[in-house]
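Everything below concerns the one structure shown next.
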Amino acid sequence: MQITVSSGKGGVGKSSITASLLYLFGKENDLIAVDADADTPNLDILLNVKDWEGEESLSGERVAVIDGDRCNGCGLCARHCPYECIERDGKVYRVNEVLCEGCNVCSIVCPHDFVISFKETIPGVIRWGKTDYDFEFVSAQLFPGRPNSGKLVFKAKKLAQSFNKDLMVVDAAAGIGCSVVASVNGSDLVVVVVEPTEVSLSDAGRLVKVLDHFGVRRVGVVNKFDINSDFMPVVEGFFKGVKADIVGYVPYDKNVVNAMLQGKPAVEIFPESLFSTAIKEIYENLKNFV
Amino acid sequence: MIIAFSGGKGGTGKSTVSTNITVLLESFALVDLDVEAPDDHILLSTELVKVKDVNLFQPVFNHEACFACGRCVDACHDNAIISGRDGKPILIPELCGGCRGCKLVCPSREAIGEGKRLVGKIYENLTPYGFPLITGELLEGEKKTYKVLLETRKYALSRYSDLIFDTAAGAGNSIFKALENVDLVVTVTEPTPFGVRDLQKILEVTKQLERKTVVVINRSGTGNESIVENLCNKYGVKVVGRIPYSKNIIKGYFENEPIVTTSLPEAEIFKNLKDRILEEACR
Ligand code: SF4
Ligand code: SF4
Ligand code: SF4
Ligand code: SF4
């Protein structure tokens, strides 16, 4: 079974909530966790993963290279490049490798042979290792500037599956782009984390539309519900409208930042805090789905 | 002049800072390049009105005129074309990135027609604060973040010369494109281990792009700022402002009321920040 935690908007507290939920799930389940926020993976900080057991790079990606000695500077490639990543460099043209998506078009339109070639690049790595909490952890890490976080996430999930655990929990990226699509695709349940603001609901609404594409079941969690309680009826209306039960209300709690500074799930070091009480309730509710 | 706000990590307050600064600057246009989650219009109480669609090319195969040569299949780097039993191409639309490679290699003039796929929208509106807001939006279920960003950026550059870019989190190739050739990158971070790690990534990006960069520490006073400072020293970038954790700022955020339009003491912090940013951008 796969549960994915996602939020649409970044910075609503998704990783803190996920880390604490993982801590609880890990105690009673055969679990593997996946950090699918390939652009900005951070869960390893909260789960204290220091020694990675293995690493695999994503291969098969390529970028175009123009041979400056053979290029006659006609500029056809730059005009056709759909990603606008070929620039003039004196008399010849040059590919900005950071932006190139390896689509091939430049070499199709180049009137001369052997001017444009392709070289392999490694867009990112997948690492795995043990956490301090009896479960394994897989993290997808995209190198700066590389496209295709979706492929990386897909591969990270594949790798996690090969561990043959009963439960996989995926911490998805913010947004609704290719890595989020790869995260939610194949999920049995998506936990949508929001905070009580219009901005958060707007982004969550976009996320839910993606979930609709895949027909994925969803539940809601409201983080810091008490800091804007006037807005809570709107939040409740939102979740009703998208057919998601709210499985938890998490209050604002300073301990969350303290836990983050110490690199631990809050529920471990502040088990009696308001935050932890709410997380335990969410865990009990989510158990019904597992 | 283009000033870009970026952050590495999501939720550090990039949009709060960039909207407030644009309100103060008055003569700039704000461009929301966080196309997967564009929110500035909400913070600025502005209804979105579409000005442009973002379409991708998508081949439409005409099997009558097709020679079944298979070149399009070979040319497609996204593996979006498969060869049918008669050797003629079949498109898997979800995989097509719209690069036009297939059409460019096809030896038949009529075998591949011009189709399109709507992947995003661009909006332009006048905000109640008197400056224009340009918003790029990726449609739900679509994946071409880069393309929508590219088109939104191009549209904005064709309309105005003084721009504020509000970019997405992360450090992928669309962030590189967003920050390309800007005059100053203002990185908004928070003093937590998450914030610091992601700040390092974005500083790595701006170093590669050779862009002048400054840092704003948001929610100052809630974590450990010396690690942020050490990192800034390492990259040789300045901390130009500290925004304290403030109930008023949060309230302004909840109520979609830019704090700089109030007479609260926090408004002063943003005014100073604006001056520092302009100073750095003009240096
Ligand atoms: S491979 Fe595609 S994206 Fe890369 S430079 Fe060539 S045309 Fe541009
Ligand atoms: S199309 Fe070929 S020859 Fe012309 S500028 Fe590009 S690389 Fe050079
Ligand atoms: S436009 Fe590009 S990605 Fe789409 S089918 Fe043609 S070659 Fe493939
Ligand atoms: S390249 Fe053109 S003619 Fe050849 S198989 Fe494709 S569509 Fe048919």
- Task: Find the centroid of the Cα atoms in the stretch B:1-51 and in the stretch A:23-39, then give the distance between the two in whole Å.
- Result: 34 Å
- the protein assembly as shown, dipole about Cα centre (Lys/Arg Cβ +1, Asp/Glu Cβ -1), debye to the nearest 20: 1060 debye
- Message: Just to be sure I understand: of the beta bridges DSSP finds with both ends in the protein assembly as shown, what percent are antiparallel, rounded to 5?
- Response: 45 percent
- Residues with amide H under 5 Å from that of B:V188, placed H, sequence gap 5 or more: B:S6, B:G7, B:V216
- Task: Give the angle, between 0 and 90 degrees and rounded to the nearest 10, that separates the Cα long axis of helix A:274-287 from the longest principal axis of the Cα atoms of chain A.
- Result: 80 degrees
- Message: What do you get for trypsin sites (Lys or Arg not before Pro) in the stretch B:52-150 restricted to DSSP loop and a cutoff of at most 16 other Cβ within 10 Å of the site's Cβ?
- Response: B:R85, B:R109
- Note on the structure: Mean-square fluctuation maximum in Gaussian network of chain B, Cα pairs under 10 Å, restricted to B:P244, B:P258, B:P132, hits B:P244
- When DSSP assigns beta bridges and you keep just the ones with both residues in chain B, what percent turn out antiparallel, to the nearest 5? 45 percent
- Query: How long is the gain from B:N224 to B:L126 if the chain were fully straight, where each residue apart is worth 0.36 nm and the alpha carbon distance is subtracted?
  - Reply: 31.3 nm
- Item | Per-residue [θ]222 nm for chain A (sum of -39500 (n - 2.57) over DSSP H runs n ≥ 4, rounded to 500) | -10000 deg cm²/dmol
- Return the whole-Å distance between the Cα centroid of the stretch B:76-152 and the Cα centroid of the stretch B:165-192. 24 Å
- Item | Subset of A:K130/A:K151; A:K50/B:K247; B:K14/B:K238 violating a 26 Å alpha-carbon distance limit | A:K50/B:K247
- Message: Students often get this wrong, so check it: of A:K155/B:K88; A:K9/A:K165; A:K9/A:K209; A:K240/B:K50, which have C-alpha atoms separated by over 22 Å?
- Response: A:K155/B:K88; A:K9/A:K165; A:K240/B:K50
- Choose one of A:Y93, B:F270, B:V49: the residue whose Cα lies farthest towards the positive end of the charge dipole of the protein assembly as shown (beta-carbon charges +1 Lys, Arg; -1 Asp, Glu; about the Cα centre). A:Y93
- Just the number, please: percent antiparallel of the DSSP beta bridges in chain A, rounded to the nearest 5. 45 percent
- From the Cα gyration tensor of the stretch A:62-120, with a ≥ b ≥ c the square roots of its eigenvalues, which class applies: rounded if a/c is under 1.5, or else prolate if a/b is larger than b/c, or else oblate? rounded
- Message: On C-alpha positions alone, give me the angle between the axis of helix A:198-214 and the longest principal axis of chain A, in degrees, nearest 10.
- Response: 70 degrees
- Taking a ≥ b ≥ c as the square roots of the eigenvalues of the Cα gyration tensor, with a/c under 1.5 meaning rounded and otherwise prolate when a/b exceeds b/c and oblate if not, the stretch B:55-118 is prolate
- Note on the structure: Rounded to the nearest 0.05, FRET efficiency between A:C74 and B:K154 (Cβ-Cβ, R0 25 Å) equals 0.60
- Query: Nearest 10 degrees, 0 to 90: what angle lies between the long axis of helix A:232-241 and the longest principal axis of chain A (Cα atoms)?
  - Reply: 70 degrees
- Message: Out of the total accessible area of the protein assembly as shown (probe 1.4 Å, heavy atoms of protein only), what percent is carbon and sulfur?
- Response: 47 percent
- Kindly sort A:E28, B:E210 by accessible area of their heavy atoms, largest first, with the probe set to 1.4 Å. B:E210, A:E28
- Message: Can you give me the accessible area per residue for the protein assembly as shown, using a 1.4 Å probe, in Å²?
- Response: 40 Å²
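The values are calculated or read from the model by the stated rules, or taken from the named source; none is laboratory data. As the structure is a prediction and not an experimental result, all values here were calculated from the model. Neighbour counts run over all protein chains shown; Cβ positions are idealised from the backbone, glycine included. Side chains are part of the model used for accessible areas, which takes the heavy atoms of the whole protein and leaves out ligands, DNA and RNA. Shrake-Rupley method; radii C 1.70, N 1.55, O 1.52, S 1.80 Å.
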